[in-house]
1. When the Debye formula is applied to the Cα atoms of region 30-85, each taken as the same point scatterer, what base-10 log of I(q)/I(0) results at q = 0.13, 0.28 Å⁻¹?
2. Once phi is turned into θ = phi - 60°, what whole-Hz ³J(HN,Hα) does the Karplus curve with 6.51, -1.76 and 1.60 give for every residue of region 40-52, x standing for Gly and Pro?
3. Based on the Cβ-Cβ distance from residue 146 to residue 90, what FRET efficiency comes out when R0 is 30 Å, to the nearest 0.05?
4. Order these by the 10 Å Cβ neighbour count, fewest first: 83, 46, 119, 102.
5. Once the principal axes of the Cα atoms of region 70-160 are found, what is the range along each, listed largest first in whole angstroms?
Amino acid sequence: TATVKSRLPLWHLASVLSSFHVIFLLYLLPSMFASFYILFLCAGRYSEESSSMESNAIMKLYKDVVEMSPDWEDGHFCLAHYYDLLLAQLESHDRKADVLAYIVRFFSNSLQHGNKYIYQSMPRMLSLWLDFGATVAEQQQKKQESQATQNNRSMLTSINK
């Protein structure tokens with residue numbers, strides 16, 4: 001009947017279908033999922049540009065894209081770019097180090113999976129990373145041993161790994 005859900009395993013479904021249908025489904029599914037990723041990414045970009053959602057919801061859209069497709073360069077780049085926009089709005093120096101680590105990580109992941117955004121990702125990642133390293137070195141030279149300085153040093157060590 002139509003109302004009863006079938007609990008047959010997928011291998012049974014594949015044995016029922018002809019080999020043509022299985023090959024067709026295997027060919028079609030990746031492109032369907034790619035369209036799904038693009039849809040989430042477009043929703044995130046639209047929400048970001050129109051300010052129609054709050055920042056946590058937009059970040060969740062971008063993180064969902066990265067989780068669903070970890071090998072897709074565009075998702076990592078857009079998430080890093082959004083974190084970069086948030087970095088400019090932050091006032092707390094303690095949170096900036098955390099956000100900076102995310103930016104460097106996602107820009108580097110973007111570069112690992114492609115070179116489409118190399119002219120945006122590489123210079124921004126390097127400038128943030130090197131500026132942060134110079135700030136930490138300057139704090140060490142001034143012998144400022146506060147909790148923030150120790151946190152920045154440990155964050156820089158984690159970024160360098």
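Every number in this text was worked out from the coordinates using simple rules, so none of it is lab data. Model, not experiment: these values are computed from the prediction. Cβ atoms come from the backbone with ideal geometry, glycine included; neighbour counts cover every protein chain shown.
1. Computed log10 I(q)/I(0) values: -0.27, -1.14.
2. Running phi through 6.51 cos²θ - 1.76 cosθ + 1.60 with θ = phi - 60° gives 4, 5, 5, 5, x, 5, 4, 5, 5, 6, 8, 6, 8 Hz.
3. Between residue 146 and residue 90 the formula returns 0.95.
4. On the way: 83 21, 46 13, 119 9, 102 18.
Ascending Cβ contact count within 10 Å gives the list 119, 46, 102, 83.
5. Principal axes ranked by extent give 42, 22, 20 Å for the Cα atoms.
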